[in-house]
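The values are calculated or read from the model by the stated rules, or taken from the named source; none is laboratory data. What you see is a predicted model, and the numbers here were worked out from it, not measured in a lab. Heads up, the Cβs are rebuilt from the backbone with ideal geometry, glycines too, and the neighbour counts pull from every protein chain shown. Just so you know, the surface numbers come from the protein's heavy atoms only, side chains and all, with ligands and any DNA or RNA stripped out. Shrake-Rupley method; radii C 1.70, N 1.55, O 1.52, S 1.80 Å.
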Amino acid sequence: MTKERDRRMKVIVPVKRVLDYNVKPRVKADGTGVDLANVKMSMNPFDEIAVEEAIRLKDKGVTEIVAVSIGEAKSQETLRTALAMGADRAILVVSEEKLEPLAVAKILAKICAEEQPSLVICGKQAIDDDNNQTGQMLAGLLGWGQGTFASKVELTAETATVTREVDGGAETDSFKLPAVVTTDLRLNEPRYASLPNIMKAKSKPMAQKTPADYGVDVAPRIKTLKVVEPGKRSAGVKVADVDELVMKLSAMGIKK
Amino acid sequence: MKTLVWVEHDGSVVKDSTLSTVAAAAKLGEVHLLVAGQGVDGVAQAAARIAGVGKVHVADDAVYAHALAENVAPLVVELMGHHDAFVAPSTTTGKNIAPRVAALLDVMQISDILSVEGPDTFTRPIYAGNAIATVQTSDKKLVITVRGTAFEKVAAEGGSGTIEAVTSTGDQGLSSFEGSEIAKNARPELTSAKVIVSGGRALGSAEKFHELIDPLADALGAGVGASRAAVDAGYAPNDYQVGQTGKIVAPEVYVAVGISGAIQHLAGMKDSKTIIAINKDADAPIFQVADLGLVGDLFKVVPELTEKLGAGA
Ligand SMILES: Cc1cc2nc3c(=O)[nH]c(=O)nc-3n(C[C@H](O)[C@H](O)[C@H](O)COP(=O)(O)OP(=O)(O)OC[C@H]3O[C@@H](n4cnc5c(N)ncnc54)[C@H](O)[C@@H]3O)c2cc1C
Ligand SMILES: Nc1ncnc2c1ncn2[C@@H]1O[C@H](COP(=O)(O)O)[C@@H](O)[C@H]1O
């Protein structure tokens, strides 16, 4: 790889601030959504994996990692985490209104047009709305390939070869660069940011923008009419031993 | 409304996920199918026999052989010129293709629907199924993925659709298939199995997983699943994973062995009809959703259960 080529190996990693995965979501009594007041928020777990992957690719020709988050101003905390893990700079696109994947993908597409990355690494799914759309939409808008649900990524100057977790097992496809990759859980084990790196991250550059800066129409297409709790299952009975379990199973007709 | 349903197949057989997707599409209007692949005559014929199907569009070309989203999306977009909704199952193929189609059509996809409440209104799970949202779209065209376990499958036979060939939209030159490792599994497929036995981290090794879980599954004629912890530790292959980010299952009976019951796991199995849990910790969260719970050491209890089930057969 030539130096010239190296310089262009930039990776963009979109990271979303979501309810921490250890917190049990509570539906608001008025049925308008899930209660996010005074609860722990964190980086979407799949995006931590995306940041980690970008950092690991630094040994393999990647020279710059730009983390991007679109959302409320507090998303800068999420970006600081990405910077502390090892991203080089960040772009915060502030929108106090929740944006849909299509709007997020359109903003990201504009950022890609400016930044000219070789690769975008998204999480496969944000664990709040469980949409699993943004990476594929971004790839579609840009006319790029999409290596979704990745459990392994190999880069050359021209291609990304991605092993993908598919229903029956694994599939390997290769994609012309630039391309979009979305991460699955087994791609890597994300690192924790060390204290010195958290300190260092404070001085890394973070640009602040708004959707209007990108001239993107972010008007929502979908209206949430109501949000309810799912039907509750109640705990059943505990059996004393295997014999009782076998008896109950036969009574229910559950036996080969 | 004219819907276009993505037919999930393996080159020769129409997958069950197609049948629940057709059920969802039928609630919206006329059902047309899209069969894309290479050498898919047989699939197209089978698809035309699915109950309630009108037209079957067949795109037979090497560029569709592996359902690469980059090549399939332009084909779907072309067909959406005269359809109102693209409806795909929430399989890895559907989840890969549908959002790309939505972006090209400039519409917001509605992911993983649980019900059709009206021509523009649907319910879908959010937060790993800890909340159910009713959503209404204002987009002119719909792009939807369907949670298979939420819709009663239509009959695979009885329909008499007409088959129509579609011109290939060609290779977009963005991606190519390199290979796949599809696990050969004699057991029932997880998403359609009537009984599932799943093992968790407590199994401790791949050897123990097979030694204990497989015979119990055999005794029950069950499919085998696993928690993420068991998959990550290499006790079971990745496509066994049940949960928010694995497979969503709803069998008649789900047996959780040495699984704690994290919300991400529950998200994938709590709609099972009967849940049975075996865990040595009486306070494990899995017992809060289990119909039948047995507190005990799985290394003792599971072989005994397998034996006694076998004896009674
Ligand atoms: C973004 C994200 C997505 C995730 N998606 C999924 C998903 O799709 N599916 C999923 O499963 N998880 C998922 N997880 C992981 C999830 O949070 C849990 O970590 C995981 O489900 C735990 O697996 P486990 O129950 O096997 O292990 P543990 O939680 O370690 O539980 C082991 C259980 O075995 C019991 N046990 C131990 N020894 C014995 C014995 N000898 N006999 C009987 N019982 C015993 C223990 O009491 C314990 O309850 C996800 C996590 C994240 C962050
Ligand atoms: N608001 C956002 N800001 C930054 N990245 C996002 C945002 N929304 C989604 N993403 C990215 O897109 C991925 C998939 O999200 P989703 O399509 O919402 O499930 C996430 O894992 C992120 O990488």
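Among B:283, B:120, B:84, the residue with the largest mean-square fluctuation in a Gaussian network model of chain B, with springs joining Cα atoms closer than 10 Å, is B:283. For the residues A:195, A:79, A:185, a GNM of chain A with alpha-carbon springs under 10 Å puts the largest fluctuation on A:195. With every protein chain in place and a 1.4 angstrom probe, the accessible-area ranking of B:115, B:176, largest first, reads B:176, B:115. For the stretch B:151-280, taking the reciprocal of the average inverse distance between every pair of different Cα atoms yields a Kirkwood hydrodynamic radius of 16.5 Å.
Enter the buried accessible area of the B/A pair, total of both sides, probe 1.4 Å, in Å² rounded to the nearest 100.
Values: alone 14910 and 15090 Å², together 23150 Å².
Rounded to the nearest hundred, the buried surface is 6900 Å².
For residue B:178 and residue B:49, the difference between the fully extended length at 0.36 nm per residue and the C-alpha to C-alpha distance is 43.1 nm. The residues of the stretch B:77-106 listed by number as losing at least 40 Å² of accessible area in the complex, against the isolated chain and with a 1.4 Å probe, are B:92, B:95, B:96, B:99, B:100, B:103, B:106.
What number comes out for accessible area per residue over the protein assembly as shown if the probe is 1.4 Å? Units Å², please.
Heavy-atom SASA per residue in the protein assembly as shown reads 41 Å².
Near the amide H of residue A:166, within less than 5 Å, lie the amide hydrogens of A:171, all on another chain or at least 5 residues away, with H placed in the peptide plane.
Computed 3J(HN,Hα) for the stretch B:167-180, one whole-Hz value per residue from the Karplus formula 6.51 cos²θ - 1.76 cosθ + 1.60 where θ = phi - 60°, is 6, 5, 8, x, 8, 7, x, 9, 8, 9, 7, 9, x, 8, glycine and proline marked x. Taking the charge dipole of the stretch B:110-193 about its Cα centre, with +1 at Lys and Arg Cβ atoms and -1 at Asp and Glu Cβ atoms, the residue from B:188, B:127, B:150 reaching farthest to the positive side is B:127. The simple spin-label model puts a point 7 Å past each Cα toward its Cβ; for residue B:38 and residue B:2 those points are separated by 3.0 nm.
Residues B:260, A:75, sorted by accessible area with the largest first, give B:260, A:75 [1.4 Å probe; ligands and nucleic acids excluded].
Helical content alone sets the calculated 222 nm signal of the protein assembly as shown at -7500 deg cm²/dmol, taking -39,500 (n - 2.57) per DSSP H segment of four or more residues and averaging over every residue. Interface burial in the stretch B:145-177 reaches 30 Å² or more for B:174, B:176, comparing the full protein assembly with the chain by itself; accessible area from heavy atoms with a 1.4 Å probe.
Amide H to amide H, with H built 1.01 Å from N, residue A:132 comes under 5 Å of A:126, counting only residues 5 or more places away or on other chains. Measuring with a 1.4 angstrom probe and ignoring ligands and nucleic acids, residue A:244 comes out at about 50 Å² accessible. Under the simplified labelling scheme, the residue A:77-residue A:26 pair shows an inter-label distance of 1.8 nm, with each label point 7 Å from Cα along Cα→Cβ. Percent antiparallel among DSSP beta bridges with both residues in the stretch A:130-247, to the nearest 5? Bridges in the stretch A:130-247 are about 75 percent antiparallel.
For chain B, modelled as a GNM whose springs connect Cα atoms under 10 angstrom apart, the maximal fluctuation among B:265, B:32, B:210 occurs at B:210.
Surface composition of chain A: carbon plus sulfur atoms contribute 51% of the solvent-accessible area (1.4 Å probe, protein chains only, all chains present).
Considering only protein heavy atoms and a probe of 1.4 Å, how much of the accessible area of the stretch B:186-313 is carbon and sulfur, as a whole percent? Can you show the working numbers first?
On the way: 2400 of 4760 Å².
Carbon and sulfur atoms account for 51 percent of the accessible area of the stretch B:186-313.
The Cβ shell under 10 Å around residue A:15 holds other residues with a net charge of 0, Lys and Arg each +1, Asp and Glu each -1. In this structure, the amide hydrogen of residue B:128, modeled 1.01 Å from its nitrogen in the peptide plane, lies closer than 5 angstrom to no residue at least 5 positions away or on a different chain. Which residues belonging to the stretch B:230-257 lose at least 50 Å² of 1.4 Å-probe accessible area when the assembly is complete, relative to their chain isolated? Checking the loss per residue gives B:238, B:244, B:245. Go ahead and run the numbers for FRET between residue B:186 and residue A:213, Cβ-Cβ distance against an R0 of 60 Å, rounding to 0.05. Result of the calculation: an efficiency of 0.60.
Within the shell defined by Cβ-Cβ distances under 15 Å, the residues around residue B:280 carry a net charge of -1, with Lys and Arg each +1 and Asp and Glu each -1.
Stretching the chain fully between residue A:176 and residue A:234 yields a gain of 15.8 nm (0.36 nm per residue, less the alpha carbon separation). Give, as ranges by residue number, the residues of the stretch B:29-54 whose backbone N falls under 13 Å from the point 7 Å along Cα→Cβ of residue B:164. Correct set: B:31-35, B:54. Note on chain A: Cα convex hull, mean projected area over all directions, 18.9 nm². When a 1.4 Å probe is rolled over the protein heavy atoms, the share of accessible surface on the stretch B:28-137 that falls to carbon and sulfur comes to 47 percent. In order along the stretch A:135-149, phi translates into HN-Hα couplings of x, 5, 5, 4, 4, x, 5, 8, x, 9, x, 9, x, 7, 6 Hz, rounded to whole numbers, per the Karplus curve 6.51 cos²θ - 1.76 cosθ + 1.60 with θ = phi - 60° and x for Gly and Pro. Charge dipole (Cα centre; +1 on Lys/Arg Cβ, -1 on Asp/Glu Cβ; no other charges) of the protein assembly as shown amounts to roughly 1180 debye.
Quote the accessible area belonging to residue B:163 in square angstrom, nearest 10, computed with a 1.4 Å probe and with ligands, DNA and RNA left uncounted. Solvent-accessible area, nearest 10 Å²: 90 Å². Each Lys or Arg adds one and each Asp or Glu subtracts one; over the other residues with Cβ under 12 Å from the Cβ of residue B:70, this totals 0. Phi angles across the stretch B:86-93 convert, under the Karplus curve 6.51 cos²θ - 1.76 cosθ + 1.60 with θ = phi - 60°, into 3J(HN,Hα) values of 9, 10, 10, x, 7, 9, 4, 5 Hz, Gly and Pro given as x. In chain B, the longest principal axis of the Cα atoms and the axis of helix B:298-312 are about 80 degrees apart. Beta bridges assigned by DSSP with both partners in the stretch B:1-85 are antiparallel in approximately 10 percent of cases.
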